[in-house]
Structures are given as structure tokens and as C-alpha cells.
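Remarks on the structure that follows.
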Amino acid sequence: MQTVTAKEAKNRLGQVIDLALAEKAVAITKNGRDSVVLVSAEYFRELSGVQGFIQDTSAVEKNSRRAEFAKAVSQGRAKATDASMFKGLKSAVKFKNEEF
């Protein structure tokens, strides 16, 4: 299993996700200690027995918009306080302790 620091994961999230998809899991360390493990959805289902995460079409849209927003923030195209891309969603979204 590959290991990256939390700072690397933050700065290269897309690449870390690709790595997790390729290798099933990536360990993320913080302050030199194991912190979390990012696993592919396929590997998570394999480990947990959960067949699917998304159970309705509105959840699919919300998760897609959340991912789009997180990517925009990581690329500097949006700020965590910019909720404009969540207009029209029926339920609030929390990102970095802010509700949208």
C-alpha cells in the first residue's frame, strides 16, 4: 500500500484518488503517524459487504455536486464559502463545517 502525507493528499487529491483506484488503498499520514486510509469504492464493498452507497437519484446528484465543489476548491476555482454550485439542491451540504 502506498503512503502519502496529509499535505500531499490535500495538494494532489486527484492523483491520490487515482492511486487508490489502481492499488485499492492509500494510507494517509499526519504528523508522521498513520491517520486514515483512502480506499476505492470497489475495495470498500469487498471489505464491508455493502453493495452500493447511493440509493436514490437525488443522492447521486448531491454527491456529484459535492465532488465537483471539492475539486473546484482544491484547484483554487472556488472557496469553501462559495455555495453557488449548490443552488437548487433540496437538502443542505456540509463542507468544512459550513452548511450550504
Three-way shape call for region 2-48 based on the alpha-carbon gyration tensor, with the a/c threshold at 1.5:
oblate
Grab the beta carbon distance between S48 and K10, set R0 = 35 Å, and tell me the FRET efficiency rounded to 0.05.
0.85
Net charge near L19 (other residues with Cβ under 12 Å of its Cβ; Lys, Arg +1; Asp, Glu -1) is -1
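Read-outs throughout are calculated quantities, based only on the coordinates presented, and are distinct from any laboratory measurement. Nothing here was measured: the structure is a model prediction, and the numbers come from that model. FYI the Cβ positions are ideal-geometry reconstructions off the backbone, even for glycines, and counts take in every protein chain you see.
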